[in-house]
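Before any comments, here is the structure.
Please treat every number below as a calculation from the coordinates, not as lab data. Just so it is clear, the structure is predicted and the values come from calculations on it, not from any experiment. Note: ideal-geometry Cβ built from the backbone for every residue, glycine included; neighbour counts use all protein chains shown.
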Amino acid sequence: MNSLTIVAIAIIALAAGYIFYGRWLANTWGIDPKAKTPAYTHEDGEDYIPTPKLVVFSHQFSSIAGAGPVTGPIIAAMFGWLPVLLWLIIGGIFFGAVQDFTSLYASVKNEGKSMGVLIEKYIGKTGKKLFLLFAWLFTLLVIAAFTDMVANTFNGFTLEGTKSAPNAAAASISMLFIIGAVLFGLFTKYFKPNQTVEFIAGIVLLIIMVAAGIAFPLYFNKNVWVAVVMAYIFLASVMPMCLLMQPRDYLSTFLLVSMIIGAVLGVVVAHPAMNLPVFNGFNVAGKSLFPTLFITIACGAVSGFHSLVSSGTSSKTVNNEKDMLCVGYGSMMVESLLGVIALVVVGAAAVGGKMPEGTPFQIFSANVAGFLTLLGIPQHVAVCFMTMCVSALALTSLDSVARIGRMSFQELFLGEAADGSDLTGIRKLFTNKYFATIITLFFGFLLCLGGYNNIWPLFGAANQLLASLVLIALSVFLLTTERKGWMLYAPMCIMLIVTFTALIQAVIGIFQKIFVTGGFVFMIDGLQLIVALLLMALGFMVAVSCFKKLLHKDEKKHKTNVNRPAAAK
């Protein structure tokens, strides 16, 4: 099949999902445009900040569109392009976007509280503690995997020791982005420009930073970039949202949307054939379609991490409840489209039905750069731009996950008093945002030593398990507030089965290294085994706790036959 046809089918299906299913969900649960959102009722200038819809969308999309939409579909393409396409579209519309939107909706309706606090309110304190510990462990995997990816992408030297100009230029642009984001944040904070002026200023600053980064590349090795990335996400975790994360995500969205538009236009101009088989079978290279496909493609179909962004940061900045559909559901549709484009790119680059060599990032950036040259963009500029874009995918998720990990760690040790006045001793230390960030980044760094190839399978399984746990918790929220929640039941059950199967397989694989094949390394395999077992245990306990509450609420609902409150109609 021609790749242009595949992209067209995806665009039509995803647009229809947003217009019909997304709006139906919003109308079913109830949106109140006149209600004051948490951004106003709890405005503090740091986390709770009323923000225009485009800026919130930019933050949400930039944060969720990490390495997953590129990496997952390209790896999963070994099963053929049709299973990947179907999971991206069906998963995106009925699994991922539903979770993202519902997480944002539930949080906004509950004073912008995080998913852990929502679980405490609707399920109980034990469920909250278990979930927060699970979420914190998960953020460590994300920090480890994405830090390794970014450091490799920024590495200014090849394996042979020669300089790599595209990598060095991408690193330079990224560093300028951080500085530029702070300046842009100060500009919008104190001058308060309207959205038109803000948009134009962002475009001008973007062009200047890209041009300067290409002209003055930074040549450092991977270890240096690991340290730099850790320093950056430390700052992103503790600084006010409006001074670094929001402006950086806003500027990054220009890059990411330009990349998607450029890739689509390149497909229109080149309309390359899909050179991968439609279906390669249920078992490929020793891996089975189930559950591998569904954990390999997380971002782009369904990702538990998205719920932490929706309820952890975006919900605190939503300006109006009517913006939630665009921010929560719409950003997921764009991410699913990005996954389809990654599939088309690898299909166009395939030769004789076999995928090209190289990492998913290398395959994607090199071939989209080839598309951009068809539009008249010089090869060197196109390669540098694309390398920057794929690194931005991971870097914009890293700053969000570091902040979410810090907040999850803090919430684990919070007391009953909202202002923290009842905290003493060790709990007061552990709830300090600087200490919580350092602890989170330290353990993330230890896992990073194993490299992203070793972390990714565990990350994928944990990510999807998180999604299933969130969907169960959200089902409890919907039932408790007398809103329909049946549309979440199938996704949560399917993802529970998928993820526990994958985690059990991962644990068996590590045990085989210990007792059969050899090659067990404690700092890599040992830490992964500990994390995997903890995730399974915590996931099981959270699931049981949530299901008990869900079944109890369901029984209570049928016995009492209570109508939904007017605000939800």
**OP:** Subtract the Cα-Cα distance of LYS354 and ILE200 from 0.36 nm times their separation in residues, and report this length gain in nm to one decimal.
**Re:** 51.1 nm
Original post:
List the lysines whose alpha-carbon lies under 26 Å from that of LYS222, not counting same-chain residues fewer than 8 positions away?
Top reply: LYS163
Subject >> Relative contact order [Cα under 8 Å, 6+ residues apart], region 351-478, whole percent >> reply: 15 percent
Original post:
On full extension of the chain, what length is gained from ILE207 through ILE530, given 0.36 nm per residue of separation minus the C-alpha to C-alpha distance?
Top reply: 111.7 nm
**OP:** May I ask which residue of SER331, PHE94, THR313 lies farthest towards the positive end of the charge dipole of the chain, with charges of +1 (Lys, Arg) and -1 (Asp, Glu) on Cβ and the Cα centre as origin?
**Re:** PHE94
**OP:** Ratio to report: Rg/Rh of region 1-49, with Cα atoms as the point set and Rh obtained by the Kirkwood method; give two decimals.
**Re:** 1.30
Subject >> Order by protection proxy (mean Cβ within 10 Å, highest first), peptides 194-201, 511-518, 212-219 >> reply: 212-219, 194-201, 511-518
Original post:
For TYR40 and ALA227, what does the FRET efficiency come to when R0 = 56 Å and r is the distance between their Cβ atoms, rounded to the nearest 0.05?
Top reply: 0.90
**OP:** Order these peptides, 374-383, 94-103, by their mean beta-carbon neighbour count within 10 angstrom, highest first.
**Re:** 94-103, 374-383
**OP:** Which order do the peptides 311-322, 344-355 take when ranked by the mean count of other beta-carbon atoms within 10 Å per residue, highest first?
**Re:** 311-322, 344-355
Original post:
With r defined as the distance between the Cβ atoms of THR162 and ILE514 and R0 fixed at 41 Å, what FRET efficiency is calculated, to the nearest 0.05?
Top reply: 0.55
Original post:
In whole percent, what relative contact order does the chain give with Cα contacts below 8 Å and a gap of six or more residues?
Top reply: 30 percent
Original post:
Any idea how far apart LYS428 and ILE261 come out in nm if each label point goes 7 Å out from Cα toward Cβ?
Top reply: 5.3 nm
**OP:** Can you put SER400, SER545, SER475, SER164 in order of Cβ neighbours within 10 angstrom, beginning with the fewest?
**Re:** SER164, SER545, SER475, SER400
**OP:** Return the FRET efficiency for the residue pair ARG23, ALA215: r is the Cβ-Cβ distance, R0 is 30 Å, and the value is rounded to the nearest 0.05.
**Re:** 0.05
**OP:** Pull up the cross-link candidates among the lysines for LYS316, meaning alpha carbon to alpha carbon under 21 Å and not fewer than 8 places away within one chain.
**Re:** LYS34, LYS36, LYS53, LYS109, LYS113, LYS121, LYS128, LYS189, LYS192, LYS433
Original post:
What spacing in nm lies between the two simple spin-label points modelled at LYS189 and LEU235, each 7 Å away from Cα in the Cβ direction?
Top reply: 1.3 nm
**OP:** Name the long-range amide H neighbours of VAL284: under 5 Å, sequence gap of 5 or more, or other chain; modelled H, no Pro or chain starts.
**Re:** LEU289
Original post:
Which option, (1) 51, 34, 18; (2) 33, 27, 26; (3) 44, 31, 21, is the value of semi-axes √(5λ) of the Cα gyration tensor in Å that was calculated from these coordinates?
Top reply: (2)
Original post:
If the chain between MET1 and LYS322 were fully stretched, how many nm would it gain, using 0.36 nm times the residue separation less the Cα-Cα distance?
Top reply: 111.7 nm
